[in-house]
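Please read the structure below before turning to the comments.
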Amino acid sequence: GGTFSWTGPNGFTANTQNPTISNVPTGATGIYTVTQSIDNVTITATHSLTIYPVLSSNTVGSNQTIQTGNAANSLTGSTITGGSGGYTYQWEHSTNNGSTWTTISGATNSNHNPGSPSITTQFRRVVSDAIVPGSFTSGAVEIRVVNYTATVTSNAPLFAAQTLNLAATPSQAG
């Protein structure tokens with residue numbers, strides 16, 4: 001019961017027991033004070049609050065195409081902004097065009113070396129903050145694995161001064 005009076009940063013005031021602030025800005029960081037008056041008794045309590053900026057700038061390199069057996073280039077993630085600055089990284093991969101994602105064991109750096117995938121695989125980076133709840137997932141990048149081969153034939157054997165005809169037959173898989 002009684003009456004409530006709140007004050008806080010950015011000129012915040014309220015007269016309800018449990019006020020809310022929608023779309024709270026980082027400028028709402030500071031000390032909030034509530035004063036309750038009941039039966040001619042006044043009590044005051046304070047609460048210090050930090051509002052962190054939203055996590056942003058989580059992007060990962062670009063798509064690649066590699067030949068079967070070759071190593072892909074390292075996947076480079078952007079520098080994260082926002083949050084408290086205590087970031088945790090976890091890389092995930094999908095081999096079914098993003099229908100399901102699997103955590104890559106030990107892949108907890110800001111960048112990731114995918115090695116030599118044997119099939120086309122998508123990768124993404126999930127970033128969490130040490131203090132702010134939730135996570136921020138990058139868009140997926142794809143490493144497309146192909147098996148390109150070529151065979152060459154000719155009209156050999158030939159004598160000097162004859163016409164050499166070469167033919168390339170490419171084969172593409174993947």
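Scanning for something over 30 Å from Val146 (Cβ atoms), in a loop (DSSP other than H, G, I, E, B) and open to solvent by less than 50 Å² (accessible area, probe 1.4 Å), does segment 23-46 turn up at least one residue? Within segment 23-46, none of the residues are over 30 Å from Val146 (Cβ atoms), in a loop (DSSP other than H, G, I, E, B) and open to solvent by less than 50 Å² (accessible area, probe 1.4 Å). Quickly run through segment 129-174 and pick out the residues that are of a type in the set (D, E, K, R) and open to solvent by less than 60 Å² (accessible area, probe 1.4 Å). The answer is Asp129, Glu142.
Condition check for Gly85 on (1) under 22 Å from Ser135 (Cβ atoms); (2) open to solvent by 50 Å² or more (accessible area, probe 1.4 Å); (3) small (Gly, Ala, Ser): one failure, at (2). Screening segment 53-172 for strands (runs of 3 or more DSSP E) wholly inside it with 2 or more residues that are among the hydrophobic types (A, V, I, L, M, F, W, C) returns the ranges 121-129, 141-154. Take Ser110 and decide whether it is more than 13 Å from Glu92 (Cα to Cα) and surrounded by 10 or more Cβ atoms within 10 Å (Cβ to Cβ). The answer is no for Ser110. Scanning segment 48-66 for residues that are farther than 30 Å from Asn10 by Cα and surrounded by fewer than 13 Cβ atoms within 10 Å (Cβ to Cβ) returns Ser62, Asn63.
Residue by residue, here is whether (1) within 30 Å of Thr26 (Cβ to Cβ); (2) of a type outside the set (Val, Ile, Thr) holds:
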| residue | (1), (2) |
| --- | --- |
| Leu75 | no, yes |
| Gly85 | yes, yes |
| Asn111 | yes, yes |
| Ser116 | no, yes |
| Asp129 | yes, yes |
| Ile143 | no, no |
| Ala150 | no, yes |
| Ala167 | no, yes |
| Gln172 | no, yes |
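The values are calculated or read from the model by the stated rules, or taken from the named source; none is laboratory data. Remember, predicted model here, so these are calculated numbers, not experimental data. Reconstructed Cβ throughout: ideal geometry from the backbone, glycine too, with neighbour counts over all protein chains shown. For accessibility, only protein heavy atoms count, side chains too; no ligands or nucleic acids. Shrake-Rupley method; radii C 1.70, N 1.55, O 1.52, S 1.80 Å.
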